[in-house]
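Contents: one structure, followed by commentary.
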Amino acid sequence: MAYHLGVDVGGTFTDVLLIDEDSGKTYTAKVPSTPEDSSQGVLNGITKVCERAGVDPTKVDYVMHGTTVATNAVLTGKGAKVGLVATKGYGQVLQIARSYVPGGLGGWVIYNKSEPLAPLENTVEVAERIGADGTVVTELSEDDVRAQLTKLKDRGIEALTVSLINAYANPEHERRIKAIAEEMLPDVAISLSSEVIPEMQEYERTLTTVANSFVRPGMKRYVENLQSELDRRMDTVKLYILRSDGGLASAQGCVDLPVNHLMSGPAGGVSGAIWMAGQAGYKNLLTLDMGGTSTDVCLVQDAKAQVRRETTVGDLTIRASSVDVRTVGAGGGSIAHVPELTKALRVGPESAGAEPGPAAYRKGGTEPTVTDANVVLGYLPATTQLGGEMQIGRDLAEQAVAKVAEPLGLPLKKAAAGIIDIVNENMFGALRLVSVEQGYDPRDFALVGFGGAGPLHANALGKLMGAWPVIIPPGPGVLCAYGDATTVLRNEAAQTFVRRFPNTEDSEVLAILKELSETAARHLDDEGVPREDQNAMCQIDLRYHGQVLMLTVDMPLDEFEREGLKAVGERFDDMHTQLYTFALEEDKEIVNLRVVVQGKPVMVEARHLPEGGADPAEAKIAEESIFVEGADHDAAIYDRAKLKAGNRVPGPAIVMEMDSTTVILPDHVGEIDLYGNILIRPADRVA
């Protein structure tokens, strides 16, 4: 027997999924996260799930892991001390940055720019110059390189970035500087812009490579420590880390290019939602991943998540592909407060996190949180056990919520309802960002609610969005781990190629794409993925001639070989019309060519429930009074493990399981499908 594991680390809980590779059977576990060392939470979760399944840990072959190590390094500013080597005259590239002014405020905008990850005092310039066509304009002075690297060595840098002008066209000088630096700075990690992102646009290329250097030492320590512990406990096990674009990379690939993993955590949930909703026949989705600290939302069309050619973490936006996930500080641990000045209720972005957590967790927390509000309203009954083990304390939750009820002059339940309304509006705004503001009608999509807190709020969000059905997958609290375990190995290769369509032959572009495909495929070859299990997708960055901003058109490589640039141009016009309501007659211009190669997805068994009638009475375990829309209602409580396919759960109702709790509102019905999903619709839409 052989097994592999999916592991997702959140701000409050770490979720683990164990898959039997032969049968596809799954086992899950949820343990508290360990913020001081997240690898400890991972190891605790692996131990727990193996014990629960009765599986020898040495039988596990692969661990697929979504991590927030790089994300947290950027958000907290606790990364490496980075040195930057630039071409003479270009040392202030990060300080000059871009002059983009958001919105229509013009000169009235006060621009508060954060300090670059590689400050000016750690930046040196070297005498050299490569032309835009790749020719050497000024030879590299190696004596100057050694002198400048000595300055950086004396300043105690921990990571080095080399980003020279036009290095994407000819990496020779960057490679020579790296060779010299490896002699002079043997313990310093070195990142070359020509390897991290070999594309034009100097600022974005430099910023992305500096970000890679900033998180690289911390990611290296984390991955190597985790791999060492896994090897000690589980013999030889392969560790893979989820990429921001939803693919997998080897542990070494993650160490070399951690910048591709800045949004590793949220991507896993989207992958899991696509897989689970696909079983129920839904391909157009809005995903709602609400955890203890934040909520991530994403739009999925035709079973493919929207991917953008940039990754944003805090104030940092870099050029790296990522699933288009928008994050808001609205989680189960988000703290509610009433500022003395305004006397208006606010929720978040501050969070109680895993330590001490919400007051209801009985771990020392005293501040009122979204979770405490759900407890006061009856949505989280006192019989609920978080993660199957943590007991809920209703008395403590009421004491905490009273802290905002008193200054607001409201009854306890109305204050709790206000907390829920505000956090729902915050998530509603994020969902609009990925749908309405991108030209999509949310009524054409199903809403998938998951994460530990997502099913509590999903029905209410469905009402706000008009997105039906609301899908609550089985095991919603560990769905991110499903995504980690069911995603595929992926690698990419890119090249800048600036050329207008009229001056370009299909055959010329195809030759470059095939060469890039071969380059990307070699990494999968090294990981043992057979060529017949690999597929290649082209990504072509386009713009109308005269524009600066680009859109990316995706097309399978074999399809481009058949249809060429004409089909690419038509898709570009359609995308431009979707986003901006118009297309132009101007020549289209290629900017970058990219090929993404990925392996075959892991087969996981979709569990089928036994058939049952419409009446869910056999699964009913208790009743609870819940507060909805200003009034108390009697709600039935159901054990999800006892529900059968075909059961219809009328609201108001609460459905409980090990890792999450689902609320079905009055005048709504939750239907259980063959795969265990709860499909919630308004009662008048249920036949």
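The values are calculated or read from the model by the stated rules, or taken from the named source; none is laboratory data. Bear in mind that the values here come from a model prediction, so they are computed numbers and not experimental data. Because the Cβ atoms are built from the backbone with ideal geometry, glycine has one as well, and the counts that use them run over all protein chains shown. Remember, those area values only see protein heavy atoms, side chains included, never the ligands or the DNA or RNA. Shrake-Rupley method; radii C 1.70, N 1.55, O 1.52, S 1.80 Å.
Ranked highest first by the average count of other Cβ atoms within 10 Å around their residues, in what order do 575-586, 469-480 fall?
469-480, 575-586
Which sequence of Thr58, Thr67 reflects their accessible areas, 1.4 Å probe, from the largest down?
The most accessible residue leads, giving Thr58, Thr67.
Calculated from the structure, Cα extents along the principal axes in Å equals which of (i) 91, 67, 49; (ii) 103, 85, 56; (iii) 79, 60, 55?
Given (i) 91, 67, 49; (ii) 103, 85, 56; (iii) 79, 60, 55, the calculated one carries the label (iii).
Counting only DSSP beta bridges with both residues in the chain, what percent are antiparallel, rounded to the nearest 5?
About 70 percent, rounded to the nearest 5.
In whole angstrom, note down how far apart the Cα centers of segment 308-364 and segment 263-290 are.
Here the answer is 21 Å between Cα centres.
Work out, step by step, the length gained on full extension between Ala127 and Ala303: first 0.36 nm times the residue separation, then minus their alpha carbon distance; give nm to one decimal.
Extra length available between Ala127 and Ala303 comes to 58.4 nm.
In whole percent, and with a 1.4 Å probe on the protein chains, what portion of the accessible area of the chain is carbon and sulfur?
Summing carbon and sulfur atoms, their accessible area is 49 percent of the total for the chain.
Between segment 150-218 and segment 450-471, what's the alpha-carbon centroid distance in Å?
Rounded to whole Å, the Cα centres lie 45 Å apart.
Students sometimes get this wrong: rank Arg232, Arg648 by accessible area, probe 1.4 Å, all chains present, largest first.
Arg232, Arg648
Through the Karplus equation 6.51 cos²θ - 1.76 cosθ + 1.60, θ set to phi - 60°, convert the phi angles of segment 568-582 into ³J(HN,Hα) values in whole Hz; use x for Gly and Pro.
Residue by residue, segment 568-582 yields 4, x, 5, 5, 4, 4, 5, 5, 4, 5, 4, 7, 10, 6, 8 Hz.
In sequence order, what are the phi-derived ³J(HN,Hα) couplings for segment 482-495 according to the Karplus relation 6.51 cos²θ - 1.76 cosθ + 1.60 with θ = phi - 60°, rounded to whole Hz, with x for glycine and proline?
Calculated HN-Hα couplings, in order: 4, x, 4, 7, 10, 7, 10, 5, 8, 8, 9, 9, 9, 8 Hz.
Could you report the accessible area of Asp533 in Å², rounded to 10, computed with a 1.4 Å probe on the protein chains as they sit in the structure?
50 Å²
In whole Hz and in residue order, list the ³J(HN,Hα) couplings for segment 74-83 that follow from phi through the Karplus curve 6.51 cos²θ - 1.76 cosθ + 1.60, θ = phi - 60°; x for Gly and Pro.
6, 5, 8, x, 9, x, 7, 7, 9, x
Per residue of the chain, what 222 nm ellipticity follows from adding -39500 (n - 2.57) for every DSSP H run with n ≥ 4, rounded to the nearest 500?
Helix contribution divided over all residues of the chain: -10500 deg cm²/dmol.
In percent, what relative contact order does the chain have, based on Cα pairs under 8 Å that are 6 or more apart in sequence?
Once divided by the residue count of the chain, the mean separation gives 12 percent.
Full extension from Met184 to Leu584: what is 0.36 nm times the residue separation minus their Cα-Cα distance, to one decimal in nm?
Extending this stretch completely gives an extra 138.7 nm.
Compare the peptides 526-532, 319-325, 637-643 by average per-residue count of other Cβ atoms within 10 angstrom and give them in order, highest first.
For the peptides 526-532, 319-325, 637-643, the packing ranking is 319-325, 637-643, 526-532.
In square angstrom, what is the accessible area per residue of the chain with a 1.4 angstrom probe?
Roughly 41 Å² per residue, with all protein chains present.
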